[in-house]
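As structure tokens, the structure follows; a few thoughts come after it.
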Amino acid sequence: MPIITHFGKILALDVDKNFIQVDIAEIKNSFYVKENVVSDYLIINDTTVFSLEKHGKKFAIKKGEFYFSADPDGKKISEDRLEASDWELFTIIPEFQSEYNLSKYFTDLYLEEYKFSYISNPLKNLNNICKIFQEEEYPIYHKNILKRGQLPEPGETLIHINCNLSEMFEKDWMKELMPFVYDLPHADISNSTRKNIVVVDSYIRGEKVNLYRNLFYRENNIFLIHLSDETFMDNLNIYKYCNIVWRNLFNPLLNNQKNLTFFPLGYKEGFANKMISKCHEERKYLWFFAGDIKKSSRAEMFENMKKVSNGFYHLTTYFDSKDSLSSKEYREIMSMSTFIPCPAGFVHLDSFRIYEALEAGCIPIIENGRGIDFFSSWMGKGPVPMIERWADAPALINQIVSTGSTERIRMECQNWWNEKKRLFRKKADADLEMFPSVIPYWREN
């Protein structure tokens, strides 16, 4: 656990076992102080015990009635101060991952000094840190970020499809939401340097991680469109290499990730069609469900929805199984139905069914539980009915129908969804234009 003085030096011992402070560059050749903290005490080299006083995030080190103090102009550490002020305060770096923590501390220190113009050439200091901690990525990453600010902006924007998009469920939805994915010229990423690259990807694990790292350190700008990470098993650390990230399947743990936009899962391939939306009175069924009821809360949903009359259902073996309705059949029956119960997907609360219902001009009833206001937190408040328990669904439908509110709510849902799509398309186009000037962001997990 190295100890850092007020002046950004390392507490060490000289050959006579006296305390001194040395520059970070000398850390590999110095007998720097390693200690154990036990309650309010500091045990140095397993023998000498000093008392500790906490001052915010820093500590004062005390021997008897006197405090340690760092000299601003040299190596000296005195032990004769009766009060603890700035020069008497030290930062203790945890021994766990101490190489990383030290490299991070000094990188952040130089960046902070640069921000307030205390130093004029932070790249020189960061270069030194990179040489000292050659195995740590944190200073290398931020040196790259700082260097980018001094380079001219790249020109043409290219596309790289790093997944089998042509066979993915989101294919048609992507054509509507982000048509530029199909219009941009394709990138040769094998040796691309200083390019603007839109990457469409899924299942980002293993060797795929190196793709983003290599693109970043070759000074490419990356607009990542991340699809189908329902189980949150993809390596999200790659987001720090990207200028902007769009992903479907909301994850509340990523709310503090800058430059990240969640977008709706959308409808499955083959569902999109220019349907003429029928009013409630023209629809044959009050509710409709097709799918597998063996997962998540679907059995509970099905048992409760059967209490509502004039429904139509088609149960399947599993998701997208051979006994599923064709896209055309599914779309046609949905367009003849008013309410669509939308239970959770395999893992995630989001599902294609929600947006297919909205596309068909239906009223989706969304499961929005698990202790958080899941959909409103990223889609905003809207007219779509939401429930936490499927036991509440029959009464909800009855109340809407009996008060004559069905057609009004149906139209509100349809108009709200159309406006949401327009806004998402507008933001996607704006992000495409601006992403080369957006600085990537290192998020601590």
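Below are the figures for this structure:
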item	result
Pair list, Cβ under 6 Å, 6 or more apart: the range 182-203 residue in the same structural domain as residue 165 (by TED's automatic domain parsing) and modelled with pLDDT of 90 or more, other residue assigned to a helix (DSSP H, G or I) and surrounded by 19 or more Cβ atoms within 10 Å (Cβ to Cβ)	196/436
Residue within the range 252-274 that is of a type in the set (Phe, Trp, Tyr), part of a helix (DSSP H, G or I), in contact with a Phe, Trp or Tyr (Cβ under 8 Å, 6 or more places away or on another chain) and surrounded by 14 or more Cβ atoms within 10 Å (Cβ to Cβ) present	no
Selection count, the range 325-338, where residues are without any contact (Cβ under 8 Å) to a residue 60 or more places away in the chain and surrounded by 17 or more Cβ atoms within 10 Å (Cβ to Cβ)	5
Strands (runs of 3 or more DSSP E) fully within the range 47-115 counting 3 or more residues that are of a type in the set (Ser, Thr, Tyr) and touching a helix residue (DSSP H, G or I) at 6+ places or on another chain (Cβ under 9 Å)	none
Inter-residue pairs, beta-carbon under 8 Å, first farther than 17 Å from residue 211 by Cβ and in the range 233-262, second hydroxyl-bearing (Ser, Thr, Tyr) and at pLDDT below 95, 6+ apart	248/228; 249/228; 250/377; 252/377; 255/377; 257/441; 258/441; 259/441
Filtered residues of the range 355-406 (kept if among the charged types (D, E, K, R) and either in a helix (DSSP H, G or I) or modelled with pLDDT of 95 or more (or both))	356, 359, 392
Residue that is farthest from residue 232 (Cα to Cα) [pool: residues in the range 329-354 that are outside any helix (DSSP H, G or I) and of a type in the set (Val, Ile, Thr)]	338
Criterion violated by residue 189 - all others in (1) hydrophobic (A, V, I, L, M, F, W, C); (2) surrounded by 16 or more Cβ atoms within 10 Å (Cβ to Cβ); (3) more than 18 Å from residue 244 (Cβ to Cβ) satisfied	(3)
Among residues of the range 70-87, those that are surrounded by 15 or more Cβ atoms within 10 Å (Cβ to Cβ), more than 45 Å from the chain's Cα centre (by Cα) and either over 21 Å from residue 57 (Cα atoms) or not assigned by TED's automatic domain parsing to the domain that holds residue 56 (or both), counted	1
The range 235-251, residues that are of a type outside the set (S, T, N, Q), at negative phi and assigned to a loop (DSSP other than H, G, I, E, B)	242, 250
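The values are calculated or read from the model by the stated rules, or taken from the named source; none is laboratory data. From a predicted model like this one, the values you see are computed outputs, not experimental measurements. With ideal geometry, Cβ positions are generated from the backbone for all residues, glycine too; neighbour counts draw on all protein chains shown.
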